[in-house]
């Protein structure tokens, strides 16, 4: 599909520059048109310069005519299969073309598409729109923290979506028309969506991509700010127009159609009870299954639901005590334990698929970044205390920290209070038991490197771009490591290494050292680990 972008702008230079920079970062080749809504001449000149920098077209108005008029000028000047309206206070965090193509291709009657938007603090700005009472609508889970939001992470048909970032099908525009210019600011997007439903088209909300929205940066967020910026009167005019228009749409009928389309009879349950790393490894398989079967409702039964937080492909996580019956069940418990010689990702994928591509089943976390830039020059370690044949001693970790500091690095530890607790010293920060898994993910994401044993934290690290040093003893790295780039593995010098993978009869899970001396893990020295860090940071 041919996709083009329209950016309405008013009095924005810094916002526009930030928006276009992010848009071009992820969409370098799409045509972009900025339409200015009567800003002052000096601002328009500055905006025109910004547009040239980011290879965007620029159209200006001599008067401030409102959002609808501004967007309509862009819709009139561009011709494409899909036209995307982008407020100038939008900051892209990913490419949205693939999601646009997927949604519009799966249902030819979808004419309007909205997206998951979040505030800078990570809370929900737009997670779809739903009925509030007879004539009003509200944003779903507005201002909910990500950890509490649920429905916002479910892609679905919606009674309306916000115009802050809205994709529309050109053939629908040709039939139902553009935005009503009697709306100056606000509610025009809701009326537009109602009109789409009224004319037989559908509106869809996608949680498949997440975009930052600096809502209110142009028009204000409080009545006082809006009055100071001169936008209050325009919003009042739009509200009056909305009250006139809403009764002409049969909202009960539209609402029933939305609910009917969202009712899915086919349900699928994936089971992987524990542990953290193994649950993470199933995420890519579940994502691929949903891609192949978009109509199904997926439940995940697990004791560790965190890896599926924010995942748009999972309808709900349920506890292992839940007896929910589904049309189809994939039991991934003991999948790799029964076949320990192959990659664990493949062991899970083989349960679900006959044929698949490796890159399509790789793990993915949909956790929204909170940001820990203060540790960008820090090496993160995870001195996990687990089974004796996988645990590096406190003395070795103390030596590792000393050598890292000697090499000029800051060092910080993540984990729990049950993990090895290195000796406090200058240059070392103990962050164990102070952060949840989502925050640990961000700490690792912004770090210089991650060093840890084969554990759940290592799998979290593999879901980032951070260089990794993984320490192995009883399991062969080839069964655990799926992200080869910027990864160094440290292996034992003992002949009895990798007993979990090669020397025991399946199924295997718990392993006790046959020699009763844990020779494999003890053969790994602090210098081995430091050499790995130096190599991965080259």
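The values are calculated or read from the model by the stated rules, or taken from the named source; none is laboratory data. Remember, predicted model here, so these are calculated numbers, not experimental data. Methodologically, a virtual Cβ is constructed for each residue, glycine included, from the backbone with ideal geometry; neighbour enumeration extends over all protein chains shown.
The figures follow:
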read-out: Which listed residue is farther than 22 Å from residue 213 by Cα and in contact with a helix residue (DSSP H, G or I) (Cβ under 6 Å, 6 or more places away or on another chain), from 77, 60; value: 60
read-out: Residue check for residue 434: modelled with pLDDT under 90 and either farther than 16 Å from residue 383 by Cβ or in the same structural domain as residue 485 (by TED's automatic domain parsing) (or both); value: yes
read-out: One residue from 439, 417, 399 being in a helix (DSSP H, G or I) and at pLDDT below 95; value: 439
read-out: Matching helices (runs of 4 or more DSSP H) fully within segment 1-87 where at least 2 residues are more than 23 Å from residue 178 (Cβ to Cβ) and in contact (Cβ under 8 Å) with a residue 40 or more places away in the chain; value: 14-26
read-out: Residue in segment 121-139 that is in contact with a strand residue (DSSP E or B) (Cβ under 8 Å, 6 or more places away or on another chain), buried (at least 24 other Cβ atoms within 10 Å of the Cβ), assigned by TED's automatic domain parsing to the domain that holds residue 187 and within 19 Å of residue 2 (Cα to Cα) present; value: no
read-out: Qualifying positions in segment 121-139 - at pLDDT below 90 and assigned to a loop (DSSP other than H, G, I, E, B); value: 121, 122, 132, 133, 134, 135, 136
read-out: So residue 142, is it surrounded by 13 or more Cβ atoms within 10 Å (Cβ to Cβ) and in contact with a strand residue (DSSP E or B) (Cβ under 6 Å, 6 or more places away or on another chain); value: no
read-out: Within segment 506-538, tally of residues that are at pLDDT 90 or above, over 34 Å from the mean Cα position of the chain (by Cα) and in a loop (DSSP other than H, G, I, E, B); value: 3
read-out: Exclusive hit being within 22 Å of the chain's Cα centre (by Cα) and under 11 Å from residue 56 (Cβ atoms), set 16, 20; value: 20
read-out: 3 or more residues over 27 Å from residue 109 (Cβ atoms): qualifying helices (runs of 4 or more DSSP H) within segment 248-364; value: 276-281, 283-292, 344-352
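Residue-by-condition table, conditions (1) crowded, with 17+ Cβ neighbours inside 10 Å; (2) closer than 24 Å to residue 149 by Cβ; (3) modelled with pLDDT under 90; (4) out of contact with any strand residue (DSSP E or B) (no Cβ under 6 Å at 6 or more places or on another chain):
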site	(1), (2), (3), (4)
250	no, no, yes, yes
262	no, yes, yes, no
275	no, no, yes, yes
282	yes, yes, no, yes
311	yes, yes, no, yes
330	yes, no, no, no
345	yes, no, no, yes
349	yes, no, no, yes
